[in-house]
1. Per-residue accessible area for VAL32 at 1.4 Å probe radius, Å² rounded to 10?
2. Along the Cα→Cβ direction, 7 angstrom out, place labels at CYS57 and LYS15. What is the inter-label distance in nm?
3. Accessible surface of TYR17 in the full protein assembly, 1.4 angstrom probe, to the nearest 10 Å²?
Amino acid sequence: DPRGVYTCKIEGEGKSYSLQVHYRMCQNCIEVDAPTISGIVVADVVATVLLAVAVYCITGQDKGRMSRGEGRAPLAACGWGW
């Protein structure tokens with residue numbers, strides 16, 4: 001870790017000079033700890049479950065209706081020959 005205060009002492013003059021170094025690997029770095037990661041995972045699971053329930057409820061409403069192709073004959077019976 002290169003962060004810290006560096007001191008240079010000049011023996012002949014009896015003076016010392018200090019330099020403070022701040023070092024970061026990237027400009028937008030944040031520290032992520034275990035509670036943050038667990039919160040993200042729990043929120044992701046809850047969102048996935050809610051999305052699955054919403055899709056199930058929406059698709060479950062059309063059970064009484066016929067689908068678009070349900071009452072039609074297959075293409076092979078119509079003479080397409082494929």
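1. Rounded to the nearest 10, the figure is 70 Å².
2. About 7.5 nm separates the two model spin labels.
3. Estimated to the nearest 10 Å², TYR17 gives 110 Å².
The values are calculated or read from the model by the stated rules, or taken from the named source; none is laboratory data. Just so it is clear, the model here is predicted, and its values are computed rather than measured. Positions of Cβ are generated from backbone atoms using ideal geometry, with glycine treated the same way; all protein chains shown enter the neighbour counts. Accessible surface areas use protein heavy atoms only, side chains included; no ligands, DNA or RNA. Shrake-Rupley method; radii C 1.70, N 1.55, O 1.52, S 1.80 Å.
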